[in-house]
């Protein structure tokens with residue numbers, strides 16, 4: 001046991017008439033020892049200089065080496081430490097209010113023990129050029145310990161950098177309430193940073209960083225760069241505010257019109273970034289707010305997997321995906337910018353050129369000219385022969401609010417595929433600059449009569465599904481409004497809900513692609529017609545339910561037969577077939593192969609060739625029951641041209657409806673609907689083959705208006721002979737009935 005510092009101090013009595021009992025005195029000394037042990041060894045006892053003029057290394061070393069107590073007490077004052085020292089894990093640094101240790105230039109104080117201090121006190125003074133290192137026994141690290149003032153005016157960069165250094169990828173940084181001015185980039189070395197509470201908007205105070213860099217010329221200089229120490233690190237509950245008041249009304253201040261017209265990134269003036277994700281970092285953001293910076297969040301990492309929950313990303317550009325390493329997840333919160341909410345680049349990364357692979361749920365974009373905008377930020381756009389990346393992933397319940405120019409504007413050479421958009425909402429901003437809700441491009445950048453031409457601009461579209469558009473995304477009321485969607489090239493089937501066909505501009509399309517609309521107008525033209533309308537447009541083919549009309553185009557020993565009793569089919573009609581065509585089908589073609597070669601069969605148009613109207617769409621539809629997963633079909637025309645020539649993928653031995661629509665014919669001479677690359681070993685079944693103008697109507701085997709019941713057209717009607725199945729046209733001519741049999 002250590003010797004008492006207070007017993008036997010040479011005082012055994014208080015006078016001749018009164019003697020203090022030794023036991024009582026020892027008890028008092030024991031209580032004093034206990035108090036000193038709790039407070040620790042005071043470095044002033046060994047001559048530490050509180051003024052900081054003289055070195056206090058020896059005093060601190062003596063306190064560290066003292067075995068009587070585990071605590072080292074630092075009283076008020078500034079203590080210069082002139083030699084490097086290590087505080088072992090068995091010790092506790094106990095700081096009084098106003099007490100701090102100040103390592104000299106190049107000197108390190110390595111703290112491996114406990115730190116007991118107020119989280120808002122300045123306890124480590126690094127202004128002389130010294131360092132604080134080690135692995136202290138604490139939960140979090142506080143920039144205030146290193147001198148961060150949080151008063152909005154002092155430069156707190158060094159304090160934050162010192163806090164980052166001691167984190168060593170082990171600790172999080174806690175930012176107490178205050179306003180901290182940062183003047184040089186902070187490279188994250190922590191397990192994350194968090195503030196006192198959710199920082200949502202200007203009405204909420206909390207932990208705020210003011211990004212006011214000394215370097216005003218370097219573009220995209222970040223306040224915080226998250227790189228090597230950012231794997232699954234959490235950043236939450238603080239805000240970063242720059243010093244430039246970006247706004248949509250004065251965009252010409254920061255945007256060059258000539259370069260804007262070229263979609264070039266060079267259009268923008270140099271500016272700052274709030275947070276950059278670089279290297280292999282995969283951080284998680286929660287309740288982060290940014291504003292008055294050029295870019296709120298810069299995605300420039302190699303491994304993707306960046307998560308944002310309930311954050312408010314704002315700036316000239318809210319989020320800039322410079323390097324598309326994919327798997328970005330945004331949920332809740334808002335993304336907006338004076339120019340665009342999200343900007344997508346085209347720089348090459350692991351073999352693909354830019355784009356944005358993202359999942360977004362319940363995110364608010366808008367209050368800006370563009371919700372999502374793609375920019376040329378690399379020469380690869382002009383040099384690459386192929387396409388650049390577009391958008392892919394899922395946007396669910398995303399709100400494009402008060403859009404000034406377009407919700408989505410992608411480059412003409414972009415490829416968007418595998419994109420699913422559901423439940424989006426949109427509203428247009430006013431193009432009147434006197435309006436409070438004005439987020440349009442100013443007249444200096446876009447002529448008023450050309451604004452808000454389309455709600456969405458796509459390059460190439462392939463396998464894109466857009467459903468349930470709400471609000472006024474149909475078309476703007478602006479003078480320059482032309483429609484709802486502009487598609488530069490339609491590659492494969494696309495489904496769009498909420499857009500009217502007449503308002504969707506498709507510049508080019510693959511001959512096998514179709515664009516399906518399921519607005520109320522389109523449903524009335526297509527689906528409802530199939531299900532409910534007993535009268536259809538005519539079939540341009542020769543009756544496909546008559547076996548004699550089918551030809552074997554290629555192959556030998558191919559068997560063709562017509563099944564008239566659906567009960568004998570190997571697989572019953574699907575519910576879809578029963579809904580649309582069951583009562584209209586009298587024959588199903590069975591194609592029996594020879595076991596060695598693939599059949600190639602076809603049914604001709606009603607005349608050979610049929611002269612067709614090249615100014616109307618031609619639709620092609622049928623049901624197939626295939627024993628293999630892939631086959632081909634097409635319509636054949638003059639000069640060896642085809643329409644809807646594609647390889648179809650279906651579920652084996654399941655009735656599947658193949659629908660092709662909204663393509664103009666390549667030649668006015670129509671010859672054949674053909675089916676090939678069919679199974680060579682098992683039968684294939686084809687039913688309800690129909691080619692018609694415009695939209696697919698209710699199925700009809702005839703090349704004229706058809707209905708199961710008798711119909712009346714004003715001057716004639718058609719009946720079916722119940723015995724023979726032949727049909728006849730009955731009309732009144734000069735007071736006499738005249739019957740004309742139809743083929």
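The values are calculated or read from the model by the stated rules, or taken from the named source; none is laboratory data. All values derive from a computational prediction rather than experimental measurement. Cβ: placed from backbone, ideal geometry, glycine included. Neighbour counts: every protein chain shown.
Observations on the model:
- The criterion of at least 2 residues that are modelled with pLDDT of 95 or more, within 30 Å of residue 668 (Cα to Cα) and in contact with a strand residue (DSSP E or B) (Cβ under 6 Å, 6 or more places away or on another chain) is met, among strands (runs of 3 or more DSSP E) falling completely within the stretch 558-634, by 588-592, 600-604.
- Entirely in the stretch 157-226, the strands (runs of 3 or more DSSP E) that have 3 or more residues that are in the same structural domain as residue 254 (by TED's automatic domain parsing) and either over 23 Å from residue 133 (Cα atoms) or touching a residue at least 60 places away in the same chain (Cβ under 8 Å) (or both): 178-182, 207-211, 221-226
- Sole exception among (1) at pLDDT below 95; (2) farther than 23 Å from residue 363 by Cβ for residue 419, by number: (2)
- Subset of the stretch 81-115 (residues that are surrounded by fewer than 22 Cβ atoms within 10 Å (Cβ to Cβ) and in contact (Cβ under 8 Å) with a residue 40 or more places away in the chain): 86, 89, 92, 102, 104
- Number of positions in the stretch 673-727 that are at pLDDT 90 or above and part of a loop (DSSP other than H, G, I, E, B): 7
- Residue 119 meets each of the listed conditions (1) touching a helix residue (DSSP H, G or I) at 6+ places or on another chain (Cβ under 7 Å); (2) assigned by TED's automatic domain parsing to the domain that holds residue 288; (3) in a loop (DSSP other than H, G, I, E, B) apart from (2).
- For the stretch 40-52, the criterion of being modelled with pLDDT under 95 and either surrounded by 21 or more Cβ atoms within 10 Å (Cβ to Cβ) or closer than 28 Å to residue 170 by Cβ (or both) is satisfied by at least one residue.
- Any hit, the stretch 428-443, residues being surrounded by fewer than 18 Cβ atoms within 10 Å (Cβ to Cβ), in the same structural domain as residue 307 (by TED's automatic domain parsing), more than 20 Å from residue 298 (Cα to Cα) and in contact (Cβ under 8 Å) with a residue 40 or more places away in the chain: yes
- Residue in the stretch 508-520 that is modelled with pLDDT of 70 or more, in the same structural domain as residue 461 (by TED's automatic domain parsing), under 29 Å from the mean Cα position of the chain (by Cα) and surrounded by fewer than 18 Cβ atoms within 10 Å (Cβ to Cβ) present: yes
- Whenever a residue of the stretch 266-286 is assigned by TED's automatic domain parsing to the domain that holds residue 330, its partners that are at pLDDT 95 or above and in a helix (DSSP H, G or I), lying with C-beta atoms within less than 6 angstrom and at least six residues away or across chains, give the pairs 266/259; 267/259; 267/260.
- Residue satisfying all of: in the stretch 642-663; in contact with a strand residue (DSSP E or B) (Cβ under 9 Å, 6 or more places away or on another chain) and not in a strand (DSSP E or B); nearest to residue 689 (Cα to Cα) among these: 655
- Residue 107 satisfies every condition listed in (1) under 18 Å from residue 173 (Cα atoms); (2) touching a strand residue (DSSP E or B) at 6+ places or on another chain (Cβ under 8 Å); (3) not assigned by TED's automatic domain parsing to the domain that holds residue 208 except (1).
- Considering the conditions (1) in contact with a helix residue (DSSP H, G or I) (Cβ under 9 Å, 6 or more places away or on another chain); (2) closer than 23 Å to residue 40 by Cα; (3) surrounded by 17 or more Cβ atoms within 10 Å (Cβ to Cβ), residue 131 is excluded by exactly one of them, (2).
- Of all the listed residues (148, 133), the sole one being within 30 Å of residue 234 (Cβ to Cβ) and either at pLDDT below 95 or not assigned by TED's automatic domain parsing to the domain that holds residue 179 (or both) is 133.
- Those strands (runs of 3 or more DSSP E) of the stretch 453-507 in which at least 3 residues are modelled with pLDDT of 80 or more and under 22 Å from the mean Cα position of the chain (by Cα), considering only elements entirely within it, cover 456-467, 485-490.
- Positions within the stretch 87-110 being under 23 Å from residue 51 (Cβ atoms) and in a strand (DSSP E or B), in sequence order: 87, 93, 94, 95, 99, 100, 101, 102, 103, 108, 109
- Wholly enclosed strands (runs of 3 or more DSSP E) of the stretch 247-314 bearing at least 2 residues under 20 Å from residue 410 (Cα atoms): 295-301
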